[in-house]
């Protein structure tokens, strides 16, 4: 590779050509700019997700590299370290069990009517006098409202979360172009944690049947979440249940607008197509671009030997378009026969929120294409994405629209 | 006291992502192969609470318990 920069303007707009070249030439590629191995083949990425020799604990290494950290930044790392996404067994096993019971498909499915009502309201509220931005008007507010309601955050406090979420996102998703991202994250985390601390105490006193209540009450035999763990988990859910689903809805709508035949097919189908369509959006242009792992013990992939302690970037964006796994990988086919993807990762860290993302994505995109007539992209060339390493997320999706049908 | 009913356990390996929640919930019924994907160790079992938990906890809905006589999906 001539140039190892994944964050150039061109590759932020379209990372796929770069990953495709890497995948066919050097499927296990040492990128000296990021000092990390890029793993891009579907089979390699799938197996690595399920292989315990790939550790998810990158906070320990990060803390060691930032030994000069001040107290405020240490607090940020302390909150992050309790996130199960950064944990290995046995700590991960314990936390995941306690959380999984609050996040089953059945539990999430019970939220579907409420999610439909929120989407209908967001569409009803569209202001047709002004340009519509599908990210700002629907994809962003929906998951924010849902996760806030699930955790029992009062409606009037929702806007606070946008600010905090944006600040934390910059650090975790590696917005390397923002030199003040560390200070931003410190401010965001400390305000958010003190807010949540109060909210948790309130829920503890009065009891509640929402997700926060079920985290407080979660028991696995005699085990329960500590107060710090409830707090860290709430931060994780608020933040993880938010940005990524916004991205899924935005990218899904863009993929449809780029494939008018598929958009037409979805908007006239009797509802069976939306399930497979969501899986295809996750494959074609899903929110997870790169997933970071640390090699726990020396191992081989293909002809490369990876030393213990080295950093590995598993690349779902590349794996999901691997021509050895998918026919016509660069084309959107809503009901593709060779379906499947690693958009939610795999193994023990398989996305906890996957059932919720699927329901929110289905309800939102299905309602948009059914109710909003004659959607058209205003300026394809002006679209821009968050300049981050790990995620793929549209900043805005301005569209022109025709009539809006009443909710059924 | 009535006999627990017999159930047939089904796993769709194509949907398995190797999250291993079933193995942790009910190791008597669920194991995994060398790729860390689900393997059903007992196809017909007496109904028991760990089985219900294992099937409910699956993040992709790859597991089911069926009444072999009626075809009724008992879990999830």
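Bear in mind that the values in this text are calculations on the coordinates, not laboratory data. Small disclaimer: the values here were computed from a predicted structure and weren't measured. Virtual Cβ from ideal backbone geometry, glycine too; neighbours counted across all protein chains shown.
The table for this structure:
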item	result
Directionally averaged projected area (convex hull, Cα atoms, the stretch A:345-408), nm²	6.2
Debye log10 I(q)/I(0) at q = 0.06, 0.09, 0.10, 0.14 Å⁻¹ for the protein assembly as shown, Cα point scatterers	-0.27, -0.63, -0.79, -1.62
The stretch A:201-255 and the stretch A:1-47: distance between their alpha carbon centers, rounded to Å	33
Residue among A:121, A:229, A:243 with the largest mean-square fluctuation in a Gaussian network model of chain A, springs linking Cα atoms under 10 Å	A:121
Share, in percent, of DSSP beta bridges within the protein assembly as shown that are antiparallel, nearest 5	90
Measure of compaction for the stretch B:6-75 (Cα Rg per 2.2 N^0.38 Å)	0.99
Helical mean residue ellipticity (222 nm; -39500 (n - 2.57) per DSSP H run of 4+; nearest 500) of chain A	-15000 deg cm²/dmol
FRET efficiency, 1/(1 + (r/R0)^6) with R0 30 Å, evaluated for residue A:206 and residue A:395 via beta carbons	0.15
Separation between Cα centres of the stretch B:35-60 and the stretch A:310-380, rounded to whole Å	28
Residue exposure sequence - A:253, A:105 - by fewest surrounding Cβ within 10 Å	A:105, A:253
Residue-span extension gain [residue A:324 to residue A:219] - 0.36 nm each, minus C-alpha spacing	33.4 nm
